[in-house]
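Data first, discussion second: the structure below is written as structure tokens.
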Amino acid sequence: MTGSVPVSDFTLDDLPDGRIFVAGTFRQGQGAEIESRFPADGSLNRVMREAGEQDVDDAIAAARLAVEDAHWRDLLPHQRADYLYRIARGLADNVERIAFIQSRDTGKTLKETRALAMSAASTFRYFAAALETMEEAITPARGPWMTLSRFEPIGVVAAITPWNSPIASDAQKVAPALAAGNAVILKPATWSPLVGLEFARIVAEAGLPPGLLSVLPGGGHTVGDRLVSDPAIGRISFTGGTKVGHAIAEKAARRLVPVSLELGGKSPTIVLPDADLDQALAGILYGMFSSSGQSCVAGSRLFIHSSIYDSFLERLVAATRALKVGHPFDPATQVAPLIHPTHVANVARWVDIARAEGGRVLVGGAAPDGAEYAQGNYYLPTIIDGVGNSATICREEVFGPVLVALPFETDADVIAMANDNQYGLACGVWTRDIVRALAIGRAVTTGTVWINTYKQFSISTPFGADKESGMGREKGLEGLRAYMRQKSYYIDTAHQVIPWAGITAG
């Protein structure tokens with residue numbers, strides 16, 4: 001199996017060659033030239049061409065034909081599920097290869113990219129099983145008919161994924177869309193194009209009929225806008241920035257096309273005085289600084305009860321200072337480089353704004369010193385306090401390893417501060433009092449609440465957001481049905497003529 005090959009045996013020659021994937025065929029993109037660079041040292045992975053307008057048009061045309069083809073359209077659920085099982089096996093057999101490519105593409109640690117590859121395989125297995133076992137309904141009779149509620153494919157789906165966790169995000173959109181009987185056009189981000197092309201190779205080798213998947217790396221103006229605006233696209237699923245999400249929602253609304261959006265976050269994490277502080281400390285570090293803070297659910301607003309604020313924050317600062325910042329291929333690394341030099345500059349700008357507004361940088365707040373960091377996109381894990389909940393650093397998503405700490409006195413106070421934000425993606429609560437935690441979780445407007453844990457996920461549990469963090473749900477049966485149209489059927493069971501036009505049964 002390819003997955004048994006150790007990462008150390010892979011070289012740049014094992015990276016995808018940069019050809020895009022259009023309707024089952026790899027070919028040179030017709031768009032602008034883009035680069036993939038290794039965030040750890042800036043070295044070049046690949047120079048390639050993104051998808052152009054004709055590539056998008058060809059992918060859409062092929063997708064329309066593919067969903068109309070009886071070979072796909074008329075497959076029984078267990079037959080369609082078999083394709084998903086094969087893709088899942090392909091992903092599982094290539095975990096090490098995928099991990100190498102994604103770490104080169106994004107700078108994530110190998111530990112994380114292995115987990116993401118395995119998660120993608122699990123996602124396909126789950127939706128294959130869900131498809132095989134999903135039941136439709138015979139609804140209660142309200143007349144001389146049998147009434148059915150059935151789920152049918154939408155047609156062609158556009159899936160737009162971000163650069164921070166591409167293989168997992170790709171699977172969470174593509175797997176349920178294919179399970180539902182659709183064709184999918186996947187647009188990976190330009191900063192991380194390669195892992196999506198490796199995903200395309202695995203899908204193609206699993207034997208998925210041509211046209212049902214295209215992978216078109218490219219910019220929002222060249223690829224994204226065309227997908228969102230094309231009348232053949234029946235559903236749009238987007239994960240990314242809030243500003244772009246608003247633009248997509250507006251365009252989709254003009255066409256009355258369903259859309260799901262997973263956008264930004266500024267998630268609160270709440271430490272109550274009775275919490276297991278060792279457990280809370282470890283969970284807060286993981287929830288904020290894993291993925292180098294490049295996570296929409298990162299617990300970036302930390303509310304600590306005033307009675308333990310100073311002592312707990314002192315421990316947290318010391319533990320943060322001890323985190324290993326390093327190369328993504330080093331097994332000891334906990335905080336890897338950020339994706340791109342531009343992104344490092346953005347993170348540094350938010351920290352500078354916090355300083356200007358009176359924030360105290362307790363740890364971090366700069367790039368690390370040392371020759372091993374000189375060429376990479378590194379930024380130290382950072383903790384800031386001394387500002388109020390209205391400070392810019394508490395309002396805006398930094399999307400980097402920057403945590404802001406604030407004290408609170410009462411549950412009512414912390415609930416009010418947690419909710420006083422445009423975002424509503426996730427929340428963490430640390431306490432031994434589960435009833436209290438559930439009450440706080442219910443009062444905070446958010447899509448996910450973690451109690452005495454953080455940043456744990458299950459493909460069977462719906463994931464989504466409120467407020468500016470998005471709309472719709474992924475994962476679970478709701479995530480599968482989101483890619484289907486629900487249709488009702490009425491079947492006469494009494495052989496009666498409707499007594500309206502004076503016609504009687506002969």
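Quick look at the values:
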read-out	value
Packing rank of 438-447, 329-338, 187-196, 145-154, where each peptide gets the mean count of other beta carbons within 10 Å, highest leading	187-196, 329-338, 438-447, 145-154
Where only C-alpha atoms are counted, convex hull volume of region 211-348 per residue in Å³	179 Å³
Percentage relative contact order, the chain, counting C-alpha pairs under 8 Å, at least six apart	17 percent
Normalised alpha carbon radius of gyration of region 435-506 [divisor 2.2 N^0.38 Å]	2.09
Charged-residue dipole, Cβ positions (Lys, Arg, Asp, Glu), region 240-309 about Cα centre, Debye nearest 20	640 debye
Relative contact order computed over region 101-204 (Cα-Cα under 8 Å; 6+ residues apart), in percent	32 percent
Full-extension gain in nm, Ile353 to Ala141, via 0.36 nm per residue minus C-alpha separation	70.0 nm
Packing-based ranking, highest mean first, of 109-117, 230-238 given that Cβ atoms within 10 Å are counted	109-117, 230-238
Local electrostatic count at Gln28 - Lys and Arg +1, Asp and Glu -1, tallied over other residues with Cβ under 15 Å	-2
Cβ-based net charge around Tyr490, under 14 Å, with every Lys or Arg adding one and every Asp or Glu removing one	+2
Solvent accessible area, Å² - Val156, 1.4 Å probe, full protein context	10 Å²
The chain, accessible surface, carbon-and-sulfur percent (1.4 angstrom probe)	54 percent
Violating pairs (Cα-Cα greater than 22 angstrom) within the set Lys108/Lys467; Lys173/Lys251; Lys243/Lys467	Lys108/Lys467
For region 84-127 and region 128-193, distance of Cα centres in Å	20 Å
Computed accessible area, Lys475, all protein chains, 1.4 angstrom probe, square angstrom	20 Å²
Length-normalised contact order for region 407-465 - Cα pairs under 8 Å, 6+ apart - percent	35 percent
Projected label distance in nm at Asp466 and Asp310, using a 7 Å step from Cα toward the beta-carbon	3.6 nm
Accessible area expressed per residue, the chain, with surrounding protein chains retained (probe 1.4 Å, Å²)	41 Å²
Hull-based mean projected area of the chain, where the convex hull spans the alpha carbons, in square nanometres	27.2 nm²
Dipole magnitude of the chain, debye to nearest 20 (Cβ charges: Lys/Arg +1, Asp/Glu -1, about Cα centre)	700 debye
Nitroxide proxy distance, nm - points 7 Å out along Cα→Cβ at Thr453 and Arg485	3.9 nm
Assigned charges on the beta-carbon of Lys, Arg, Asp, Glu; region 120-180 dipole about Cα centre (debye)	100 debye
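The values are calculated or read from the model by the stated rules, or taken from the named source; none is laboratory data. Here the structure is a predicted model, which means the values were calculated and not measured. Note that each Cβ is placed from the backbone with ideal geometry, even for glycine, and that neighbours are counted across all protein chains shown. Only protein heavy atoms, including side chains, enter the accessible area calculation; ligands, DNA and RNA are left aside. Shrake-Rupley method; radii C 1.70, N 1.55, O 1.52, S 1.80 Å.
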